[in-house]
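All remarks here apply to the structure that follows.
The values are calculated or read from the model by the stated rules, or taken from the named source; none is laboratory data. What you see is a predicted model; the values in this text were computed from it and never measured. Cβ sites come from the backbone with ideal geometry, for glycine too, and all protein chains shown count toward neighbours.
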Amino acid sequence: MQISESKRLFAHAQNFIPGGVNSPVRAFRAVGGEPLFIKKAEGPYLIDEDGNQFIELINSWGPMILGHNHPMIKDAVVKAMEEGTSFGAPTAKEVEIAELIVSMVPSVEKVRMVNSGTEATMSAIRVARGYTGRDKFIKMEGHYHGHGDSFLISAGSGAITMGNPDSPGVTQGTAKDTLLAPYNDLDAIEILVSANKGEIAALILEPVPGNMGLCLPKPGYLQGLRDICTREGIVLIFDEVMTGFRLAKGGAQELFGVTPDMTTLGKIIGGGMPVGAYGGKKEIMEFVSPAGPVYQAGTLSGNPIAMAAGLAMLKHLNEHPEEYARLNHIGELISDGIIAINKELGFDFTVNRLGSMYSLFFTSQEVNDFASAKLSDTALFGKYFQAMLKRGVYLAPSQFESLFLSTALSDEIIQKILDAHRESIKEIMN
Ligand code: PMP
């Protein structure tokens, strides 16, 4: 694999961009080596600046659920471009997409568009605080909700990958209102709630966390959170920026039959364009300006091109439930294949999967929270990452991420992934 152009670009980029990248985990620091600079993407493939082609298992960290450069999304974007790129005024498309989201996501009765997942979670917490008149909120260890100050405490994803789960620059004043709990532990929540009686505005979590690697909720856990929040008047927020429209049409809340008070969304709504959204019960969302007193705004929010991409994506998913069966089938083929190969090679590590999201943890322990995820051998993960890359499979460059599958993965490509896995495991076992 020739990587001279990526090398040149990375060296040059470091003169002008901190660390040479616009988002930390892209820098490949946790896995060694240097990032590939991507020139284009098509269906299941990424193609770098040197012309190397890779099978893609990140899919822009989730949104390319139908594969890259899907003609339907491309057509919608091109058509919208012909009418102008931004108006800063309401459009019909915004109403259409809001109505569609409300019909698809069980908890959402009203929704506000923003430009990223980070904005969605920051805004949701502000609204929950405004609505309850309380300051504190509970966050789970290892969950990631974007880079808003109050979330950069025991944060997952790039924050833990870079070794900064608690970021400098977040003041103690801000940090004191973020209460931490381990995922999958209802007793820990009860203890926090009784120690902070009447002071907790919200409990936010990834119902199926992907940002410490993929973990699954224990049976009854999400319902247990729902019951505590109802009893205590705490706003339950599901951060479905990754799981929304991916695990099911209505996200993890539909799959597990637990309805939060608010939901944050992103990624797939934009079909690859920068979009986030937050929504929830009417009574809570009526607190958002200009309907209510909690301020939140955005010049580019509801951007017509992003809305066109999102509408094309969501309409398709809404009208084709068979896509979810297909995503689940692809996930099953890959995870079953990996487990069988590991067994055959005597390589004992943990695979967590739900639908089209999965993680391979380099530990033989069961992984269902941040503490167990951190038992993984990250150096060995780095070797596996490089071994797969060499064989043309592009994984997330961190142990603490989920992989995201797309419907563009044919059976033939899945076989290639499994062949690469077998050879990579053999290589790293030596
Ligand atoms: N919430 C979750 C669950 C996420 O996974 C992410 C990003 N991966 C975010 C929020 C932040 O989204 P963004 O990167 O679009 O700001």
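Out of region 96-124, which residues are closer than 11 Å to Gly276 by Cβ and in a loop (DSSP other than H, G, I, E, B)?
Within region 96-124, Asn115, Ser116 qualify.
Hey, can you tell me all the residues within region 1-35 that are closer than 25 Å to Ser376 by Cα and either in contact with a strand residue (DSSP E or B) (Cβ under 7 Å, 6 or more places away or on another chain) or not hydrophobic (A, V, I, L, M, F, W, C) (or both)?
Ser23, Pro24, Arg26, Arg29, Gly32, Gly33, Glu34, Pro35
Using the structure shown, decide if Ile58 is in the same structural domain as Lys383 (by TED's automatic domain parsing), in contact (Cβ under 8 Å) with a residue 40 or more places away in the chain and under 22 Å from the mean Cα position of the chain (by Cα). Spell out how you get there, then give the answer.
On the way: in the same structural domain as Lys383 (by TED's automatic domain parsing): yes; in contact (Cβ under 8 Å) with a residue 40 or more places away in the chain: yes; under 22 Å from the mean Cα position of the chain (by Cα): yes.
It is true that Ile58 is in the same structural domain as Lys383 (by TED's automatic domain parsing), in contact (Cβ under 8 Å) with a residue 40 or more places away in the chain and under 22 Å from the mean Cα position of the chain (by Cα).
Find the residue count for region 282-291, including only residues that are touching a Phe, Trp or Tyr at 6+ places or on another chain (Cβ under 7 Å) and either buried (at least 21 other Cβ atoms within 10 Å of the Cβ) or not in a loop (DSSP other than H, G, I, E, B) (or both).
1
Taking interchain pairs and intrachain pairs at least six residues apart, which have beta carbon atoms under 8 angstrom, with the first residue in region 7-31 and more than 26 Å from Asn211 (Cβ to Cβ) and the second part of a loop (DSSP other than H, G, I, E, B) and more than 16 Å from the ligand (Cβ to nearest atom)?
Lys7/Glu34; Leu9/Phe37; Leu9/Glu49
Only one residue in Ile237, Ile284, Ile204, Ile269 is over 25 Å from Asn368 (Cβ atoms), β-branched (Val, Ile, Thr), within 16 Å of the ligand (Cβ to nearest atom) and not assigned by TED's automatic domain parsing to the domain that holds Phe362, so which one is that?
Checking each option against the conditions leaves just Ile269.
Touching a Pro at 6+ places or on another chain (Cβ under 8 Å) and in the same structural domain as Val95 (by TED's automatic domain parsing), is that true of Ser123?
No, not satisfied.
Within 14 Å of the ligand (Cβ to nearest atom), in contact with a helix residue (DSSP H, G or I) (Cβ under 6 Å, 6 or more places away or on another chain) and in the same structural domain as Gly266 (by TED's automatic domain parsing), is that true of Gly158? Before you say what the answer is, go through the steps one by one.
Numbers: within 14 Å of the ligand (Cβ to nearest atom): yes; in contact with a helix residue (DSSP H, G or I) (Cβ under 6 Å, 6 or more places away or on another chain): yes; in the same structural domain as Gly266 (by TED's automatic domain parsing): yes.
For Gly158, the condition - within 14 Å of the ligand (Cβ to nearest atom), in contact with a helix residue (DSSP H, G or I) (Cβ under 6 Å, 6 or more places away or on another chain) and in the same structural domain as Gly266 (by TED's automatic domain parsing) - is met.
Residues are listed down the side, and each one gets a yes or a no for (1) away from the ligand (no atom under 16 Å from the Cβ); (2) closer than 27 Å to Gly331 by Cα; (3) charged (D, E, K, R); (4) surrounded by fewer than 19 Cβ atoms within 10 Å (Cβ to Cβ):
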site: Glu42; (1), (2), (3), (4): yes, yes, yes, yes
site: Gln53; (1), (2), (3), (4): yes, yes, no, yes
site: Asn59; (1), (2), (3), (4): no, yes, no, no
site: Gly84; (1), (2), (3), (4): yes, no, no, yes
